[in-house]
Amino acid sequence: MIIYLMGYPQAGWVDLKGDVFTKADFLYRLTHNKAALEDIKIIPGETNYFIFKQIEKKLKIKNFYCNIDEGFIKPDTYKLPIGMKREDVCKYLYEKSLKWHKQLAKKFFGVWNYKTYKKYLIIASVIQKEAANSNEMKYVSAVIYNRLKKHMKLQMDGSLNYGKNSHTKITPAMIRNDKSYYNTYKNYGLPKNPICVVSKEAIIAAVFPAKVNYLYFVKCGKHHLFATSYKAHLRNIKRCK
């Protein structure tokens, strides 16, 4: 009767903001406090595998999974209520991401066509994994386009940081043994799907690569050295060592 007079408790988890109350205070908080929220932080470069694991743990949804393409989820911090249903979480993530991608596509191309746009998402995902910072992205993008034009294999380690391998150090053995289409050392062209979540800067770089003739780059400290020829690339490697 008291709860009826105060209102109704909402479905799901409620943040009571404490653990010791009088009976009246407990009932009041139960009917008036907001849902218990968790921060779901999705950062550029992360894969669906780890994103879903985070949601599963924080929102307490067993075996969480969404039928959302790799690389499509918008990087952001989402405040979601504990106890939210799986289908509602997936719908929310998809709709927020779709709106974001549509805005970018219409800004760059004047129209939304996912089949065309996906190519840029794939390139952006490789850029996201390879570039040391946002300033380098347009140069990494140029290397990708230049190598594709010359029918050269991309040979980029970052393409192998897909799925469960998102945080795995790429080794020569992994390059030899990985038979997936993500292995740009064995396969020509781009992977069939994006590798990871991408930032707006990576998408811009994929659409607008730098106008340079770079074909190679090597990591040197916290940045990369770029080169237009293999001979110059070898000099850069020696310089870094």
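Values quoted throughout were computed directly from the atomic coordinates according to the rules given, and no laboratory measurement underlies them. Keep in mind that what you see is a predicted model, and the values were worked out from it rather than measured. Positions of Cβ are backbone-derived with ideal geometry, glycine not excepted, and every protein chain shown enters the neighbour counts.
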Task: Average projection area in nm² (convex hull over Cα atoms of the chain, one quarter of hull surface) - done: 17.5 nm²
Task: Zero-based 10 Å bins, Cα pair distances in region 168-226, whole percents - done: 16, 37, 43, 4
Task: Highest to lowest packing among 213-221, 175-183, scored as the average C-beta count within 10 Å - done: 213-221, 175-183
Open item on the list: Which of K53, K62, K91 ends up with the largest GNM mean-square fluctuation for the chain, with Cα atoms connected below 10 Å?
Closed with: K62
- [ ] State log₁₀ I(q)/I(0) for region 109-241 at q = 0.19 Å⁻¹ as given by the Debye formula over alpha-carbon point scatterers of equal weight, solvent excluded.
- [x] -1.15
- [ ] Taking Cβ-Cβ under 4.7 Å as the only way to count a partner, pick out the unpartnered cysteines of the chain.
- [x] C196
- [ ] Take every Cα pair under 8 Å in the chain that's 6+ residues apart, average their separations, divide by the length, and report that relative contact order as a whole percent.
- [x] 20 percent
Task: 5 Å binning of all Cα-Cα separations within region 1-45, expressed as whole percents from 0 upward - done: 5, 20, 24, 19, 11, 6, 5, 5, 3, 2, 0
Open item on the list: Can you compute 3J(HN,Hα) from phi for each residue in region 208-216, using the Karplus curve 6.51 cos²θ - 1.76 cosθ + 1.60 with θ = phi - 60°, rounded to whole Hz and x for Gly and Pro?
Closed with: 10, x, 5, 8, 9, 9, 4, 10, 9
